[in-house]
1. Using the count of nearby Cβ atoms within 10 Å as a rough guide to exposure, how do V137, V34, V72 rank from fewest to most?
2. Amide H of G161: which non-local residues (sequence gap of 5 or more, or other chain) have their own amide H closer than 5 Å, using H built in the peptide plane?
3. Determine the calculated [θ] at 222 nm for the chain from helices alone, applying -39500 (n - 2.57) to every DSSP H run no shorter than 4 residues and normalising by the residue count; nearest 500 deg cm²/dmol.
4. Indicate the gyration tensor shape class of segment 107-159 (rounded, prolate or oblate), computed on the Cα atoms with a ≥ b ≥ c the square roots of the eigenvalues: a/c under 1.5 is rounded; otherwise a/b larger than b/c is prolate and the rest oblate.
5. Could you work out which residue, out of K298, K140, K225, moves most in a Gaussian network model of the chain, that is, has the largest mean-square fluctuation with Cα springs under 10 Å?
6. Measure up K9/K189; K7/K201; K123/K152; K11/K201 against 21 Å on the Cα-Cα distance and list the ones that go over.
7. Residues with amide H under 5 Å of V185's amide H, sequence separation 5 or more or different chain, H placed in the peptide plane at 1.01 Å from N; which?
8. What is the distance in Å between the Cα centroid of segment 184-220 and that of segment 80-137?
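Derivation of every value follows stated rules applied to the coordinates shown; laboratory data play no part. For clarity, every value in this text was computed on a predicted model and none was experimentally measured. Glycine gets a Cβ as well: all are built from the backbone with ideal geometry, and neighbour counts include every protein chain shown.
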Amino acid sequence: MDLENDKRKGKYRKAESSETLLSDFNDLISDFKVDLKEAKSDLPLIFVVGLPRSGTTLLMQCLAQSFDIGFVNNIVARFWSNPLLGFLLSQLAGSSYKSDFTNDFGKTNDAYAPHEFSYFWNKNFKVTRYQSYLAEVNSKIIEWPSIFDTIKKMQAAHGKGFLFKAMHQGRHLSEFYESFPNLFVIYIKRDPIEVSHSVLKARRNYYSDPNEWWSLFSRNYEEIKSKPYHEQIPLQLESLNNEFDTNFAQLPEANKILVEFTDLIGTPSNVILDIANKIEELSGVDILLEDRISLMPKSFESSKSKSFELDDLLYNESLKYFRR
């Protein structure tokens with residue numbers, strides 16, 4: 001177990017015995033062959049991109065419930081070394097996903113709820129904890145054919161398009177677009193002042209020390225790792241925001257859509273319908289489950305737009321980089 005986990009508090013600390021068991025299990029199944037034909041490359045591949053605490057998990061829950069599409073759930077995520085085996089077993093269990101639209105800093109509880117699949121992506125993108133992530137460097141050592149083949153077989157397992165919460169993928173959009181012409185990227189934006197305070201809340205819930213790093217390692221990590229939290233968080237978010245913006249801008253207009261967090265919590269059904277229509281325009285595939293739209297709350301404003309506890313140091317520092 002790593003040192004970061006030792007710093008976690010209470011329910012956020014992973015059980016060492018469970019992690020060891022899962023690690024050994026994944027070593028055991030990694031070479032197990034699942035015979036699946038590669039899916040058509042024109043099936044939609046949908047990425048949800050956004051800063052940590054910007055609404056990516058809520059948007060994933062809305063999409064996974066409303067679209068006829070494959071996605072990694074909490075069962076499949078335990079099979080990170082052989083996700084195709086995980087999909088087959090998850091399908092055998094058989095259950096459709098109905099969201100309760102709750103999560104704990106991005107972690108969902110339902111076995112069939114979306115999972116960001118971090119172990120798989122961290123392994124395949126060669127992510128090293130406590131080290132700056134430089135996409136142009138890692139891109140040269142990532143085994144792209146293997147990743148693309150796995151995704152296409154995930155699509156084949158479902159016979160339909162596929163949805164991912166794209167954290168590190170958001171740093172490599174051009175590589176994915178070259179192999180998936182119907183890549184569709186949904187970029188969700190939230191007031192960065194709110195995001196910075198939500199990241200601080202996550203740090204305080206996870207660790208005793210708010211200076212402990214939480215979530216994605218930015219390009220500038222080495223430069224800012226020794227700074228206090230109120231300086232570090234805005235610089236982390238500014239770096240990630242610039243990186244996501246640059247990658248998003250490189251895609252054709254037909255392959256992307258920008259979603260505002262305020263729109264998602266205010267009129268979620270309208271946001272989902274807009275996304276479905278644009279995906280159909282791109283790919284010719286109608287992925288909307290119309291009967292599921294009625295399951296969507298009219299709004300999330302009462303539960304998702306709570307005022308945050310203002311931290312004066314963080315607020316004033318954030319204003320240097322982000323203007324309301």
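1. The order, fewest Cβ neighbours first, is V137, V34, V72.
2. Residues meeting the criterion, in which the H sits 1.01 Å from N, are G70.
3. Computed mean residue ellipticity for the chain: -13500 deg cm²/dmol.
4. Verdict is oblate for segment 107-159.
5. K140
6. K9/K189
7. Here the answer is F47, K256, I257, since their amide H atoms fall under 5 Å of that of V185.
8. 19
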